[in-house]
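Structure record follows, encoded as structure tokens.
The values are calculated or read from the model by the stated rules, or taken from the named source; none is laboratory data. Remember, it's a predicted structure, so these values are computed and weren't measured experimentally. Reconstructed Cβ throughout: ideal geometry from the backbone, glycine too, with neighbour counts over all protein chains shown. Just so you know, the surface numbers come from the protein's heavy atoms only, side chains and all, with ligands and any DNA or RNA stripped out. Shrake-Rupley method; radii C 1.70, N 1.55, O 1.52, S 1.80 Å.
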Amino acid sequence: MGIFAVRSIPVAGWSSWDPFNLRPNPKTVFLLALGLFLFGAGEAMLIAAGVGVSPWTVLAQGVGSTVGIGIGVATFAVSVLVLLLWIPLRQRIGIGTLLNTVIISATIEYLLPFLPSFDSFGVSLFQACLGTVVVGLGSGIYLVANLGPGPRDGLMTGLQRVTGAPVAPLRAVIELTVVLAGWSLGGTVGIGTVVFALGIGPAVSAGLYLTARCSGVSMNTSRGL
């Protein structure tokens with residue numbers, strides 16, 4: 001299967017047998033944490049680039065300005081609302097769902113002060129593109145761990161299972177919808193936002209594919225999203 005046409009999550013030897021597994025293999029937890037760290041590092045790179053934040057941050061900005069709450073509270077509120085959308089999609093919460101918020105938020109908080117900001121627009125744009133790729137790679141690793149996706153990725157995997165659509169275009173549609181909603185509510189959009197919205201789908205698909213290849217498994221050995 002092509003690197004940008006992934007329709008299922010690979011099953012590696014270290015993948016958890018169930019997303020609700022409360023006693024996972026230490027290797028699985030380690031790789032889950034690594035994937036989430038990379039996800040947070042990529043988000044931090046995008047923020048440090050200064051050319052536009054991710055679509056979900058744009059939505060949080062819009063919700064915060066509309067309701068009159070801080071972006072932190074707005075981000076939490078958006079996550080809760082997305083989790084509610086899991087109910088009709090029959091998605092299940094796992095350890096990874098809970099660690100998603102903690103590790104990604106902590107990584108952004110502590111890594112961001114050490115990341116450079118460049119005066120050159122071209123270099124900043126490259127940093128935003130690289131950050132998007134790193135988020136995709138991190139997503140691929142932690143999704144293969146199968147300990148439960150984060151709120152946003154769970155929405156993607158649930159919709160993919162229902163529609164049967166490839167990961168890349170489906171994720172792009174979700175991100176574009178989110179950024180349009182955030183922008184209409186007053187969120188700030190930049191070129192980096194567009195890069196992330198259009199690039200995250202292929203990046204996640206590539207992350208899943210590369211994780212499978214590095215784990216020595218075939219894309220035919222997979223489970224439905």
Task: Kyte-Doolittle mean at least 1.0, axial Cα span of 30 Å or more - DSSP H helices of the chain - done: 26-49, 121-145, 191-214
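Using 1/(1 + (r/R0)^6) with R0 = 45 angstrom and r between the beta carbons of V67 and N21, what's the FRET efficiency to the nearest 0.05? Please list the in-between numbers first.
Working: r = 37 Å, r/R0 = 0.82.
Given R0 = 45 Å and the Cβ-Cβ separation, E is 0.75.
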Open item on the list: On the principal axes of its Cα set, how long, how wide and how thick is the stretch 1-121? Give whole Å, largest value first.
Closed with: 44, 34, 31
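Could you tell me which chymotrypsin sites (Phe, Trp or Tyr not before Pro) in the stretch 73-171 are loop residues by DSSP with no more than 15 other beta carbons within 10 angstrom of their beta carbon? If you can, show how the numbers build up before the last one.
Values: sites: F76, W86, Y110, F114, F118, F121, F126, Y142; in loops: F118.
Hits after loop and neighbour filter: F118.
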Task: Rg and Dmax [Cα atoms of the chain; Å; Rg one decimal, Dmax integer] - done: 16.5, 50
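With every protein chain kept in the model, how would you rank L84, L130 by accessible area, 1.4 Å probe, largest at the top?
Values: L84 95, L130 75 Å².
Order by accessible area, largest first: L84, L130.
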